[in-house]
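The values are calculated or read from the model by the stated rules, or taken from the named source; none is laboratory data. All values reported here derive from a predicted model rather than from experimental measurement. FYI the Cβ positions are ideal-geometry reconstructions off the backbone, even for glycines, and counts take in every protein chain you see.
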Amino acid sequence: MRRVVITGTGWITPLGHTLESVWSRLLKGDCGIGPVTRYDASTFVTNFASEVKGFRLGDFVDAATAKDHANATASGQFALAAAAGAWKQAGFDRGGPGAPTLDRSRLGVYLGSGEGALDFDNFAATNLAGWKGDTRTFDGKAWAAEAAKRMTALLEIEQEPCMALTHLAKAFRCEGPSFNCMTACAASTQAIGEASEIIRYGDADVMLAGGAHSMIHPLGMTGFIRLTAMSDERENPTKASRPFDLTRGGFVMGEGAGILVLEELEHALKRGAKPLAELAGYGSSADAFRITDIQPDGKGAAICMRAACKQAGIDPHERDKHGRPSVHYISAHGTGTQENDRIETKAVKAVFGDLAPKVPFSSVKSMLGHLIQAAGAVELITCVQAIQTGWLPPTINLHTPDPECDLDYVPNVARDVRELGGVDVCLSNSFGFGGQNDTVCVKRFVK
């Protein structure tokens, strides 16, 4: 089968918008979490989140493109900006002078993108206009009259999950395979893995793959608060996300986008592109257990990690030439919930056996928050950066050891592993509500 390489990466995150600035802040252990500013969250149990700050689409795309996509929701605009960064790094130009010939029918898109932010104020006001409290009935005509005054078709359709994909396909003239999946927190890892399979089996040469999401709005936050999955540490938000710590109390909502350019190796080399890493393996599984609970033994998570290693030709029980485990870094799903962190640890132990304690394994959600359907793509980019730089990002706020979480989580301080041989092989894990599990394996590119 054909080899798949990564030739471009781009992200929009709560720690910044450029590859270099975000990576620098991650290695410093900076945290993007703070009070919610999008709406009045003062009465919410969780009144903090990890928001993207200072974002303007026009800073990333030309004026015509920014105008054409001005109605896109936050997630759509984040996706466009992240894709622009990845596209530029990959050495493409959207049709400008001297651009390499690109068969657009062989250029596809695969996103894990969630619903757009609900037009909440207008939606709520319209529903209230139709409700007759004295008779406890609903007046459809009154509702329709108010809806006609308040709502517009463009804003309402932007709430559909497919719209970020639609914006990307239009902006980059992607005429090949086009898909969007909604498998919760595993979505963008699944999108990247399946996009690589599309290239591997010859149905495309280039894929824009990744995810985008923003749920920092009243309904999005309320849903997870009701599930008791979010941290409620209102007094000190920057310390609220504590993956693998004994005192962890839930995840922190984040937002953003991560987009990668995946490309068939010979196609990339022919046009003179420099592969950043090889996407060598993908594994996927279902817990087949319960909607909001992980399979208690971590069986599903272990299945997808083993599958990714197998496709990549990696034996998790072997050591490399430096005596280290064959996998040099795992980007953890690491949400900071009691259940996830304990069970993900079990799964890593099941896959790596006696070598598990020697595999560095960290969660950048401690700094970025949980970007939901964009999380996996952003975290895979950290793996690419680890391969490129030889540095591992830390899990911050890890101060109280949990006897059930006893692996090497790169606590609090980034780690320079260049003298140990650098980073050649990484796994990136994503596990979603509903029991979807996905792992991607990336390797240092060797021709």
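The one condition from (1) within 26 Å of Gln89 (Cβ to Cβ); (2) surrounded by fewer than 23 Cβ atoms within 10 Å (Cβ to Cβ) that Ala377 does not meet is (2).
Among the residues of region 104-124, those that are part of a helix (DSSP H, G or I) and at pLDDT 90 or above comprise Arg104, Ser105, Arg106.
Selection of region 312-333 for residues being touching a residue at least 60 places away in the same chain (Cβ under 8 Å) and touching a strand residue (DSSP E or B) at 6+ places or on another chain (Cβ under 7 Å) yields Ala312, Ile314, Ser326, Val327, His328, Tyr329, Ile330, Ser331, Ala332, His333.
Sub-7 Å Cβ pairs linking a first residue in region 214-240 that is within 15 Å of Ser50 (Cα to Cα) to a second residue that is aliphatic (A, V, I, L, M) and surrounded by fewer than 15 Cβ atoms within 10 Å (Cβ to Cβ), at least 6 apart or interchain, are Asp232/Val45, ordered by first then second residue. Among the numbered conditions (1) closer than 26 Å to Thr395 by Cα; (2) modelled with pLDDT of 95 or more; (3) crowded, with 20+ Cβ neighbours inside 10 Å, the only one that Gly249 does not meet is (3).
Listed by first and then second residue, the pairs with beta-carbon distance under 7 Å, at least 6 apart or on different chains, first residue in region 265-288 and over 18 Å from Lys88 (Cβ atoms), second crowded, with 22+ Cβ neighbours inside 10 Å and among the hydroxyl-bearing types (Ser, Thr, Tyr), are Leu279/Ser196; Tyr282/Ser196; Gly283/Thr439.
Just to be sure before I move on: is Thr18 hydroxyl-bearing (Ser, Thr, Tyr) and either more than 20 Å from the chain's Cα centre (by Cα) or at pLDDT below 95 (or both) in the structure I sent? No: the conditions fail for Thr18. Within the span defined as region 285-304, one or more residues are assigned to a helix (DSSP H, G or I) and touching a Gly at 6+ places or on another chain (Cβ under 6 Å).
Could you grab me the full set of residues in region 178-210 that are in contact with a Lys or Arg (Cβ under 7 Å, 6 or more places away or on another chain) and surrounded by fewer than 24 Cβ atoms within 10 Å (Cβ to Cβ)? Selection gives Arg200, Gly202, Asp205.
For region 339-358, check the following and say yes or no: at least one residue is touching a residue at least 40 places away in the same chain (Cβ under 8 Å) and in a loop (DSSP other than H, G, I, E, B). The answer is no, given that none of the residues of region 339-358 is touching a residue at least 40 places away in the same chain (Cβ under 8 Å) and in a loop (DSSP other than H, G, I, E, B). Take Met305 and decide whether it is touching a residue at least 40 places away in the same chain (Cβ under 8 Å), aliphatic (A, V, I, L, M), assigned by TED's automatic domain parsing to the domain that holds Leu398 and crowded, with 24+ Cβ neighbours inside 10 Å. So Met305 fits the description; yes. For region 324-354, filtered to residues that are over 18 Å from Thr400 (Cβ atoms) and aliphatic (A, V, I, L, M), the residue that is surrounded by the fewest Cβ atoms within 10 Å (Cβ to Cβ) is Ala350.
Under the condition of being crowded, with 18+ Cβ neighbours inside 10 Å and under 30 Å from Leu279 (Cβ atoms), the residues counted in region 141-177 number 13.
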